[in-house]
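Chemist: One structure, as structure tokens, below. Some questions next.
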Amino acid sequence: MPAKKIQDEGEVVRWFEAGWTYDEMSAEYLRKYKIETKPSMWGNFRYRKGLPRRIARDDELIPWAMEKGHRQLYPVIMLRIEARMKAGMEVPEDSLKRLEAWKKSLTENNAVVHYDPETEEGFFYVPREEQDGDGLIREPKTKTTQRRNADTRSTDER
């Protein structure tokens, strides 16, 4: 059996509680223990210890498999903040203000977010249609989210 990489579980739990990113944890482990780690190790540790997720997965708000170059664009950032709000997670005050201004703009322009992965822009604001209801997005005909929820692993994966 390989040597255990996590030297101090209590320390790592404190890092999770303090909101450290996986990259920050990896950098600190390399600095402090001279051990190289990957983000997946920290995610697996979080799952095994039953620590809460730091992101809010909401396939109703973000039902698309996104191209890598589209993942940090403003519309999806706002949708992630909305997902955190819906999940009852903490959201910084400045993010709340940006989210409210963005939603107000959507309402004033009678628009919703549409995603097209085959374009350079990725996201577009399109006129709201009847089928959009009061949602923030134009629902795709088929949801293309490909990531599985890390907290609902099958028994074969455990």
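The values are calculated or read from the model by the stated rules, or taken from the named source; none is laboratory data. This structure is a prediction, so every number in the text was calculated from the model and none was measured. Positions of Cβ are generated from backbone atoms using ideal geometry, with glycine treated the same way; all protein chains shown enter the neighbour counts. Heavy atoms of the whole protein, side chains included, go into the accessibility calculation; ligands, DNA and RNA do not. Shrake-Rupley method; radii C 1.70, N 1.55, O 1.52, S 1.80 Å.
Chemist: State all residues of the stretch 72-99 that are small (Gly, Ala, Ser) and either open to solvent by less than 50 Å² (accessible area, probe 1.4 Å) or not in a loop (DSSP other than H, G, I, E, B) (or both); if no residue qualifies, say none.
Modeler: Scanning the stretch 72-99 gives Ala83, Ser95.
Chemist: In addition: Considering every residue within the stretch 18-38, establish whether at least one is in contact (Cβ under 8 Å) with a residue 60 or more places away in the chain and not aromatic (Phe, Trp, Tyr).
Modeler: no
Chemist: Within the bounds of the stretch 39-54, is there any residue that is closer than 30 Å to Ser105 by Cα, open to solvent by 60 Å² or more (accessible area, probe 1.4 Å) and of a type in the set (Gly, Ala, Ser)?
Modeler: no
Chemist: Please determine whether any residue of the stretch 8-16 is in contact (Cβ under 8 Å) with a residue 24 or more places away in the chain and loosely packed, with under 14 Cβ neighbours inside 10 Å. Can you show your working first?
Modeler: Step one: of the stretch 8-16, the residues in contact (Cβ under 8 Å) with a residue 24 or more places away in the chain are 9, 12-13, 16.
Then keep just the ones that are loosely packed, with under 14 Cβ neighbours inside 10 Å; that gives 9.
Looking for residues that are in contact (Cβ under 8 Å) with a residue 24 or more places away in the chain and loosely packed, with under 14 Cβ neighbours inside 10 Å, one finds at least one in the stretch 8-16, hence yes.
Chemist: Being farther than 30 Å from Glu118 by Cα and in a loop (DSSP other than H, G, I, E, B) is true for just one of Trp42, Trp20, Trp64. Which residue is that?
Modeler: The match here is Trp20.
Chemist: Mind listing whichever residues of the stretch 23-39 are hydroxyl-bearing (Ser, Thr, Tyr) and part of a helix (DSSP H, G or I)?
Modeler: So in the stretch 23-39, the residues hydroxyl-bearing (Ser, Thr, Tyr) come out as 26, 29, 33, 37.
Matches in the stretch 23-39: Ser26, Tyr29, Tyr33.
Chemist: What is the one condition in (1) at pLDDT 90 or above; (2) open to solvent by less than 90 Å² (accessible area, probe 1.4 Å); (3) closer than 30 Å to Ser105 by Cα that Ala27 does not satisfy?
Modeler: Of (1) at pLDDT 90 or above; (2) open to solvent by less than 90 Å² (accessible area, probe 1.4 Å); (3) closer than 30 Å to Ser105 by Cα, only one is false for Ala27: (3).
Chemist: What residue, of Gly122, Gly69, is open to solvent by less than 90 Å² (accessible area, probe 1.4 Å) and within 21 Å of Thr21 (Cα to Cα)? So that I can check it myself, show each step before the final result.
Modeler: Values: Gly122 fails: within 21 Å of Thr21 (Cα to Cα).
When all the criteria are applied, what remains is Gly69.
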